[in-house]
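Here the structure is laid out as structure tokens; the discussion comes afterwards.
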Number of protein chains: 2
Amino acid sequence: MAEKNFVKEIADMTEDFPQWYTDVVVKTQLVDYGPVKGTMVIRPYGYAIWENIQKELDARFKATGHMNAYFPLLIPESLLKKEAEHVEGFAPEVAVVTVAGGETLSEKLIIRPTSETIFCDMYSKWIQSYRDLPVKLNQWANVVRWEKTTRPFLRSSEFLWQEGHTVHATKEEAVEETLLMLNVYKEFAENVLAIPVLVGKKSDKEKFAGAESTYGMEAMMKDGKSLQAGTSHFFGDKFSRAYDIQFLDKDGTHKYAWQTSWGVSTRLIGALIMAHGDQRGLVLPPKVAPVQVIVLPIAAHKGGVNEKAREIIDALVAAGVRCQGDFSDQSAGWKFNQWEMKGVPLRLEVGPRDIENGVVTLARRDNFEKVTVKIDQLAEKVPALLDEIQSSMLEKARVFRDSRIKKAATVEEMKKYLDEGNFVVTKWCGCRECEEKVKELMQASSRIMPLAQTLDMGVCPICGKPAGTTMIWARAY
Amino acid sequence: MAEKNFVKEIADMTEDFPQWYTDVVVKTQLVDYGPVKGTMVIRPYGYAIWENIQKELDARFKATGHMNAYFPLLIPESLLKKEAEHVEGFAPEVAVVTVAGGETLSEKLIIRPTSETIFCDMYSKWIQSYRDLPVKLNQWANVVRWEKTTRPFLRSSEFLWQEGHTVHATKEEAVEETLLMLNVYKEFAENVLAIPVLVGKKSDKEKFAGAESTYGMEAMMKDGKSLQAGTSHFFGDKFSRAYDIQFLDKDGTHKYAWQTSWGVSTRLIGALIMAHGDQRGLVLPPKVAPVQVIVLPIAAHKGGVNEKAREIIDALVAAGVRCQGDFSDQSAGWKFNQWEMKGVPLRLEVGPRDIENGVVTLARRDNFEKVTVKIDQLAEKVPALLDEIQSSMLEKARVFRDSRIKKAATVEEMKKYLDEGNFVVTKWCGCRECEEKVKELMQASSRIMPLAQTLDMGVCPICGKPAGTTMIWARAY
């Protein structure tokens, strides 16, 4: 009966994955559609996940020597235009303010699609000497990109993100920073989101507009498609030349500075949903779950049940667990479905018999296993159980992902593996024409070149030329 | 010598208070001017204060049952127009997006100047039954208001703030919420910012556009002017009628819901500067200071000094103190000035003789007193000393404020007291004409009517009519 209700509420993920996604994000109240097309309202349950993500990432940024700042939302059009490739990449999707305070503006203002240009403008003013370097800033902000096709969290007109922007005295230091932040992201994705990621360098076609090179992390979703979950860019001195960021070095000469930027966004919530979700809805890793344990009183009309439930909640909260009770007058079946759909890692039922026996049953959301725990040992056992769920979810996602990475030597193999929902590994000649051909023939794109490339030569399956680079291809969000 | 350097760096606050403010915000690197007129870049030192404010307030919002969410930046023009008074108040200062994604939009989009309209639009969709109430949401966001005259933190085209928006089943509950949040703000201002505030109800002239009544807190700045530091609005059912927020009540009838909103902004940083600052620059209360203790090694070329300084920093950080060292090659005099200007609550000097004696000297920023502490007792004594500074700053600000509240019975007295930099208390008839006359004659405005009004009658000094209301007047930011 409960199962049947479920099937009615959300689409079957094996039959219609996009509809399953839409049902899950809306029905678990992570998000709703805003009044302007393509915008989203992040509801409390979704925003609490973002707050947990922010807290974990922010601590990592600070531990690696970064500080937060806040730069203006509105960028003068002329400022955006200074770096040619950058403006070419972003101009088509910007939102433009033309009127403010009742008057037509003499210069159009762009709502930031990203903030390189305005950071660089201030950096050129602030940075004079080698003593001023490095500058390692981050900001948590909203950005606007007017996309044609939008989906909550994955691609929306406005989204929330963090963007780090750093300036260094040497090229080596900037390259090191680019890779350091890529690794911070990878460690975070695996240990906090329980999502295994592939990291590496993007092709020139796929790199950030204006970057010298872009590194990214790619996560596999349950439909076998890839989601770009974060990027870290090395700019060389391209922006510092365009925005005149020069410093007087120790040797008495003026030099252009070296820069990086890196960012992740509310897209990570989409990644969480599609990497872990199942037929019943969300499955949230404990480290980001807004509610880690939901306590359901059973036969609550009987004396002492609600009291004991509240006692358990207090003990778990005191032990640092994000724990809530559902004392509403809904039926037990409705509550089971509801909290299961919302992906709460542990469900704890407490009824008269449990109280009598001094023992409760915990149901794991990730694998449906049931665990019996003495009530007076909950504060000790539950945190350990949450840790176990966290690692077990990562392991499960890793096994799934690894089973879906296939090596291909021909275009036919590539297409076949992609059709079956795999990532495909090939040798690649390095040219854009082959990437375009893959897009055309099989609607897939180059994702990343792994950092540790083997030196063995092979043949690019697309053009047949000898190729030394390994490339991972996938259909992507 | 150090003093002289100082005088050069920042204007004399007794001679030119506005210039003193500008010098302080820019030279301590709290803020810089953005490329678009009226916008500000909040630099790391300023943003760290905002992060501390956010952390303290957010914990209070959650403890009183609120949850965070995020609503879109862009509001369709038609949505803004639904509540007549509201649009009249905000329309003149909005920024308007007319082009996005390369196309002229069919409907103009407004960058939120505040978010009542878009919250209400979603609330009308989400709220159906009494079971859905109360809804108590908050968001941390940026807003844009195109002001003619701007000053960093006090009035800028874009600023950061939090806005709470709540919906209730009864009028009583909404009124209670309005006053609860006013008191949360007051407690926060006094215990965290060390700023004593006067709270009360605003006149109809000064209330928020669209509110039934507005409550505010007013803080006295060092020049005797008032700064509105936070507001809490009771909307009655005005917005719920305009946006159709109805719910099916327990009694089976449909009713309009009752609403509130409340907010504070980065303006609080301006309040901190002007309530506590002195001739040497910032004086920051320990609870929001980004650096609570600055450690300066003296004669650092001598063996063991830097090592001991680092040991002290580690011990204080381990004790939960925000502590940093200045190991730069600047002179001791420069460092003293610099960190004094930046308002760090405690300066700790450590040199060879201190190490020999096992004792260091701590200099208090708030009153310049010096305190000698044994090195091995620092981790215990410093937190206590920071608490003492915190309460002592509040007390000092309270004494200052109380000495500058004067009762006036005539227009001449009012003007005299205002000219001397006081708040003025009078009886008031309640009419807008008298407020306008005060504005015209003495450039002051009605601030708040204290919550606990005495019942005694008097005479309105402006029109001479009998009056039962007590009003506090001031020149204001």
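Which number in (1) part of a helix (DSSP H, G or I); (2) out of contact with any strand residue (DSSP E or B) (no Cβ under 6 Å at 6 or more places or on another chain); (3) open to solvent by 20 Å² or more (accessible area, probe 1.4 Å) marks the one condition that B:Asp354 misses?
Of (1) part of a helix (DSSP H, G or I); (2) out of contact with any strand residue (DSSP E or B) (no Cβ under 6 Å at 6 or more places or on another chain); (3) open to solvent by 20 Å² or more (accessible area, probe 1.4 Å), only one is false for B:Asp354: (2).
Out of all the residues in segment B:28-43, is one or more touching a helix residue (DSSP H, G or I) at 6+ places or on another chain (Cβ under 8 Å), open to solvent by 10 Å² or more (accessible area, probe 1.4 Å) and of a type in the set (Val, Ile, Thr)?
No, there is no match, as no residue in segment B:28-43 is touching a helix residue (DSSP H, G or I) at 6+ places or on another chain (Cβ under 8 Å), open to solvent by 10 Å² or more (accessible area, probe 1.4 Å) and of a type in the set (Val, Ile, Thr).
How many of the residues making up segment A:46-65 are open to solvent by 10 Å² or more (accessible area, probe 1.4 Å) and within 11 Å of another protein chain (Cβ to nearest Cβ)?
The total comes to 7.
Looking at segment B:318-333, which of its residues are free of Cβ contacts under 8 Å to residues at least 40 places away in the same chain and either over 30 Å from the mean Cα position of the chain (by Cα) or farther than 10 Å from B:Gln292 by Cα (or both)?
B:Gly325, B:Asp326, B:Phe327, B:Ser328, B:Asp329, B:Gln330, B:Ser331, B:Ala332
Of these, A:Gln377, A:Gln324, A:Gln330, A:Gln390, which one is under 30 Å from A:Thr22 (Cβ atoms) and in a helix (DSSP H, G or I)?
Selected residue: A:Gln390, the only one of A:Gln377, A:Gln324, A:Gln330, A:Gln390 that is under 30 Å from A:Thr22 (Cβ atoms) and in a helix (DSSP H, G or I).
Name the one entry in A:Gln29, A:Gln19 that is more than 7 Å from chain B (Cβ to nearest Cβ), part of a loop (DSSP other than H, G, I, E, B) and of a type outside the set (Lys, Arg).
A:Gln29
Where residues in segment B:120-130 are more than 9 Å from every other protein chain (Cβ to nearest Cβ) and farther than 17 Å from B:Lys238 by Cβ, which of them is surrounded by the fewest Cβ atoms within 10 Å (Cβ to Cβ)?
So the residue we want is B:Ser129.
So if I check each of B:Leu133, B:Leu79, B:Leu137, B:Leu109, which one is within 8 Å of chain A (Cβ to nearest Cβ) and in contact with a His (Cβ under 7 Å, 6 or more places away or on another chain)?
Testing whether each residue is within 8 Å of chain A (Cβ to nearest Cβ) and in contact with a His (Cβ under 7 Å, 6 or more places away or on another chain) leaves just B:Leu137.
Taking segment A:423-438, which residues are under 16 Å from A:Glu218 (Cβ atoms) and either surrounded by 21 or more Cβ atoms within 10 Å (Cβ to Cβ) or touching a helix residue (DSSP H, G or I) at 6+ places or on another chain (Cβ under 9 Å) (or both)?
Listed by number, the residues that qualify are A:Phe423, A:Val424, A:Thr426, A:Trp428, A:Glu435, A:Val438.
Of the residues that make up segment B:97-119, is at least one within 24 Å of the chain's Cα centre (by Cα), farther than 22 Å from B:Val283 by Cβ and open to solvent by 20 Å² or more (accessible area, probe 1.4 Å)?
No.
Under the condition of being among the hydrophobic types (A, V, I, L, M, F, W, C), open to solvent by less than 50 Å² (accessible area, probe 1.4 Å) and not in a loop (DSSP other than H, G, I, E, B), which residue from segment B:66-76 is farthest from the other protein chains (Cβ to nearest Cβ)?
Checking each candidate, the answer is B:Ile75.
If B:Val96 passes every condition in (1) within 28 Å of B:Tyr185 (Cα to Cα); (2) out of contact with any Asp or Glu (no Cβ under 7 Å at 6 or more places or on another chain) but one, which one does it miss?
Condition not satisfied by B:Val96: (1).
Can you name the residue in segment B:289-344 that is among the basic types (Lys, Arg) and more than 30 Å from B:Val192 (Cα to Cα) and is also modelled with the lowest pLDDT among such residues?
Looking at residues that are among the basic types (Lys, Arg) and more than 30 Å from B:Val192 (Cα to Cα), I get B:Lys302.
When you look at B:Lys37, is it charged (D, E, K, R), within 12 Å of chain A (Cβ to nearest Cβ) and closer than 19 Å to B:Gln292 by Cβ, yes or no?
no
Just one of the numbered conditions (1) assigned to a loop (DSSP other than H, G, I, E, B); (2) open to solvent by 40 Å² or more (accessible area, probe 1.4 Å); (3) over 24 Å from A:Pro44 (Cβ atoms) is not true of A:Ala299; which one?
Among (1) assigned to a loop (DSSP other than H, G, I, E, B); (2) open to solvent by 40 Å² or more (accessible area, probe 1.4 Å); (3) over 24 Å from A:Pro44 (Cβ atoms), A:Ala299 violates only (2).
Does A:Thr166 count as touching a His at 6+ places or on another chain (Cβ under 8 Å), of a type outside the set (D, E, K, R) and not in a helix (DSSP H, G or I)?
For A:Thr166, the condition - touching a His at 6+ places or on another chain (Cβ under 8 Å), of a type outside the set (D, E, K, R) and not in a helix (DSSP H, G or I) - is met.
From the list A:Leu455, A:Leu441, which residue is out of contact with any Ser or Thr (no Cβ under 6 Å at 6 or more places or on another chain) and either surrounded by 21 or more Cβ atoms within 10 Å (Cβ to Cβ) or not in a helix (DSSP H, G or I) (or both)?
The unique qualifying residue is A:Leu455.
Looking at this structure, is A:Gly333 surrounded by fewer than 18 Cβ atoms within 10 Å (Cβ to Cβ) and more than 28 Å from A:Lys205 (Cα to Cα)?
In short, yes.
Quick one: is A:Lys374 within 30 Å of A:Ser213 (Cβ to Cβ), open to solvent by 50 Å² or more (accessible area, probe 1.4 Å), without any contact (Cβ under 8 Å) to a residue 40 or more places away in the chain and in contact with a helix residue (DSSP H, G or I) (Cβ under 9 Å, 6 or more places away or on another chain)?
No, not satisfied.
Give the residue that is farthest from the other protein chains (Cβ to nearest Cβ), with candidates limited to residues of segment B:84-95 that are touching a helix residue (DSSP H, G or I) at 6+ places or on another chain (Cβ under 8 Å) and surrounded by 23 or more Cβ atoms within 10 Å (Cβ to Cβ).
B:His86
Taking the residues in segment A:140-164 that are within 11 Å of another protein chain (Cβ to nearest Cβ) and acidic (Asp, Glu) as candidates, determine which candidate is farthest from the chain's Cα centre (by Cα).
Checked segment A:140-164; the qualifying residue farthest from the chain's Cα centre (by Cα) is A:Glu147.
So, A:Phe153, is that one out of contact with any Cys (no Cβ under 9 Å at 6 or more places or on another chain), on the phi > 0 side of the Ramachandran plot, at pLDDT 95 or above and not in a strand (DSSP E or B) or not?
Yes: the conditions hold for A:Phe153.
Within segment B:96-116, identify whether any single residue is assigned to a helix (DSSP H, G or I) and modelled with pLDDT of 95 or more, and answer yes or no.
yes
In this structure, is A:Ser328 surrounded by fewer than 20 Cβ atoms within 10 Å (Cβ to Cβ), touching an Asp or Glu at 6+ places or on another chain (Cβ under 8 Å) and within 27 Å of A:Ile49 (Cβ to Cβ)?
Answer is no for this residue.
The values are calculated or read from the model by the stated rules, or taken from the named source; none is laboratory data. Since the structure is predicted, the reported quantities are computational estimates derived from the model, not experimental observations. Here Cβ is always computed from backbone atoms with ideal geometry, including for glycine, and neighbour counts include all displayed protein chains. In case anyone asks, the SASA skips ligands and DNA or RNA and just uses the protein heavy atoms, side chains included. Shrake-Rupley method; radii C 1.70, N 1.55, O 1.52, S 1.80 Å.
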